[in-house]
Each structure stands twice: as C-alpha cells, then as structure tokens.
1. Out of the residues in region 24-36 that are in contact with a helix residue (DSSP H, G or I) (Cβ under 9 Å, 6 or more places away or on another chain) and outside any helix (DSSP H, G or I), state the one that is farthest from residue 67 (Cα to Cα).
2. Six or more apart or on different chains, Cβ under 7 Å: which pairs go from a residue in region 46-69 that's at positive phi to one that's surrounded by fewer than 11 Cβ atoms within 10 Å (Cβ to Cβ)? Could you list them?
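The values are calculated or read from the model by the stated rules, or taken from the named source; none is laboratory data. Keep in mind it's a predicted model, so treat the numbers as computed, not measured. Positions of Cβ are backbone-derived with ideal geometry, glycine not excepted, and every protein chain shown enters the neighbour counts.
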C-alpha cells in the first residue's frame with residue numbers, strides 16, 4: 001500500500017544579517033605600512049598600495065580606516081581598487 005506523500009514545507013526566509021568581523025578582526029586582516037616620500041607618501045594595506053600627494057590627506061584616510069566602521073571602509077576601498 002502506498003501512503004499519501006505530503007510535500008515538504010518551503011524553508012522560511014530568515015532575516016539574518018551578513019557576517020561582519022569585529023573592528024579588531026578586520027584590522028588584523030591586513031598589515032598597514034606607510035612609506036614617506038619627499039612629496040607625500042604611499043600607504044600599503046595588505047597587498048594594495050595607494051599614493052597620496054599630501055601626508056595630511058593620507059593620515060585622514062588612514063584614521064577613517066582605523067577609527068570608523070572598518071568593514072564599510074574596507075568595502076569602499078575594495079570597490080575603488082578593483083576597478
């Protein structure tokens with residue numbers, strides 16, 4: 001005898017947030033180096049290097065990276081560097 005098969009219910013869509021590492025975890029991901037030049041500097045984060053004509057602008061960007069929402073700032077720079 002065949003039993004009546006019942007359909008499997010569809011899984012409910014969860015509203016889980018995307019995983020985001022803590023600020024400390026995100027900062028540990030990439031080594032940060034600063035090379036000062038006769039005019040400006042080069043900031044290296046991980047394997048990417050960004051040249052700045054003005055050291056104060058470089059420090060402002062680096063400060064944003066370190067003190068802000070590191071995950072958001074990393075995503076912003078990834079988008080710019082991957083173009």
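1. Only one residue tops the list, namely 36.
2. 46/31
Per-residue answers, yes or no, for (1) surrounded by fewer than 12 Cβ atoms within 10 Å (Cβ to Cβ); (2) assigned to a strand (DSSP E or B); (3) at pLDDT 80 or above:
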| site | (1), (2), (3) |
| --- | --- |
| 38 | yes, no, yes |
| 43 | no, yes, yes |
| 61 | no, no, yes |
| 77 | no, no, no |
